[in-house]
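Values in this text are rule-based calculations from the coordinates and carry no lab data. Computed from a predicted model, the values in this text were never measured in an experiment. All Cβ positions, glycine included, derive from the backbone under ideal geometry; neighbour counts span all protein chains shown.
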Amino acid sequence: MASFTSPIFRTPKGRVHPTPTGHANEAQLTDAGEYSYLITVGFGGQDFQVVLDTGSSDLWIVSSDCQIDDCSGIEKYNSTSTLSLSPLPFSLSYLTGSVSGVVAFETVSFGPFQISSQVFALVNQTKDLGMSSTGDSGILGLSFPTIASIPGSDGRTLLENIYSHLDPSDCFFAFKLGRDEVTNPGTFSVGELDLSITPRSSEILYSPVYSSDGSRYDYWKLPLLAITVSSKVIPFIQPISKVSGSSSPIAVLDTGTTFVLGPTRDVDNLWAAAGGARKTSDNTWQVRCDHAVTVGFVLGNDTAHKEFVLDPSDVSWSSGPTSDGWCLGGIQANDGVFSGDWLMGDAFLRNVYVTHHAASPSSPPLIGLLSITDPAMAMTQFLAQRGADNTPTNMTTPMNLLVHSSQSGDTALFGVALLLGFLGSSVVTVLLRLRGGRKNRNTYT
């Protein structure tokens, strides 16, 4: 069966983008405002927009039996002749909500793929997920099966079933999270690269997915070797990873998280280096809207690594005019992340093209990263939109801050990083993920 590529669309929060025409055999993705990326999945001939989530592994959809306010105003699944219900209950608890229902089997379509008797969860009750505001009807988890709430003994994940129809070399998915539909649209693909990326395929940095024991994989994660602010390496205040066996902080790539989230001490140190920032009474970091901050993350390992620089608009996050000149910081503190040390959410992922490769007989699972942000161009556009950066240099007091000027080239930068050594309570509740991967270990009974 053929691989496929799909467009991703950005729409304001609360609006569902109409299905575009002219995309036969493609899965349509929609971005609900600034918070979620949605993809179209069919259940028994009914199409729904569900959250595309690389931080969880379960597939679930809201059923027509859900009549409470929390799931009002969204498209819901109606049972068909191909639906098969199991006697097994399903429940999941999240940071700010929960879902419950039953395990079921249905014919599920995704792009050109159609899977008969695909296992999924049919949810009849949701709590505090705010689904009506984003327009989604469920979640498609794309992480590893080991963290799925539905055990593999009851059926393979949708991604596993799709891969069974592909050659081993094509068992990967990739995406680019676009900034707008017209000038910078996004794409999602299975088994092939975006055509715009193909000419640069040799530039993709491939890194093995980190595993504590080298055999069990849970999330799409890899070592974070250094952080830079204005081309200077910022030392880790908390250099020891909470992930077993790792000598470096571990970053988890997660489309279900809006911002970049890291340990409080390190995030505080980063903003101290950036300047023009303040921490509010609820411990949220804000930055002057006209302050042009360049932040980079060095990811990979000691033999292959690159710095990936964020667009300044992802560091100073603005959804519109502000009355006091302060914008929400794209990097926030969260000490409750359990899947790794840093969560690299959409504020990071909009700046890279990412490929996710299943394990093969000759290779462990891999993450491929390619920078799609031109730092110079991004800075020019930021200054044109926000105006001149008039931020005083003494607005933030560093806490024992030591910075090291990075030399040109990734190898020199990593050398500096070596000298430095090497999911939880919400920062901004309304903007953080409400879904999978941050669960209070799933309850499936």
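Need one number: nm distance between label points at Lys232 and Thr284, each 7 Å from Cα along Cα→Cβ, rounded to one decimal.
Once both label points are built, they end up 2.9 nm from each other.
If you average 1/r over every pair of different alpha-carbon atoms in region 98-177 and take one over that average, what Kirkwood value in Å do you get?
For region 98-177, the Kirkwood estimate is 14.4 Å.
In Å³ and rounded to a whole number, note down the convex hull volume per residue for the Cα atoms of region 38-80.
84 Å³
Taking amide H positions as placed in the peptide plane 1.01 Å from N, state which residues far from Ile372 in sequence (5 or more) or on other chains have amide H under 5 Å from it.
Here Val352, Tyr353 satisfy the definition.
Give me, ordered by chain and number, the residues 5 or more places off Leu224 or on other chains with an amide H under 5 Å from its own placed amide H.
Ile250, Ala251
Which of Lys76/Lys306; Lys176/Lys242; Lys76/Lys279; Lys176/Lys232 have a Cα-Cα distance over 32 Å?
Lys76/Lys306; Lys76/Lys279, as the Cα separations exceed 32 Å there.
In percent, what relative contact order does region 71-136 have, based on Cα pairs under 8 Å that are 6 or more apart in sequence?
35 percent
Work out from phi, with θ = phi - 60° and the Karplus expression 6.51 cos²θ - 1.76 cosθ + 1.60, the ³J(HN,Hα) of each residue of region 225-239, listed in order in whole Hz, and give x for Gly and Pro.
8, 6, 10, 10, 10, 6, 6, 10, 6, 9, x, 6, 6, 10, x
Please work out the ratio of the alpha-carbon Rg of region 51-157 to 2.2 N^0.38 Å and round it to two decimals.
Cα Rg divided by the expected 2.2 N^0.38 Å: 1.01.
Using the alpha-carbon centroid of each, what span in Å lies between region 318-379 and region 71-104?
What the calculation gives is 30 Å, centre to centre.
Around Val260, what is the net charge, scoring Lys/Arg as +1 and Asp/Glu as -1 over all other residues with Cβ under 12 Å from its Cβ?
-4
Residue by residue, what Karplus-based ³J(HN,Hα) values in Hz, rounded to whole numbers, does region 331-337 have, using 6.51, -1.76 and 1.60 with θ = phi - 60° and x for Gly and Pro?
3J(HN,Hα) across region 331-337, in whole Hz: 10, 10, 8, 7, 8, x, 5.
Once you charge only the Cβ atoms, +1 for Lys and Arg and -1 for Asp and Glu, what is the size of the charge dipole of region 139-231 about its Cα centre, to the nearest 20 debye?
240 debye
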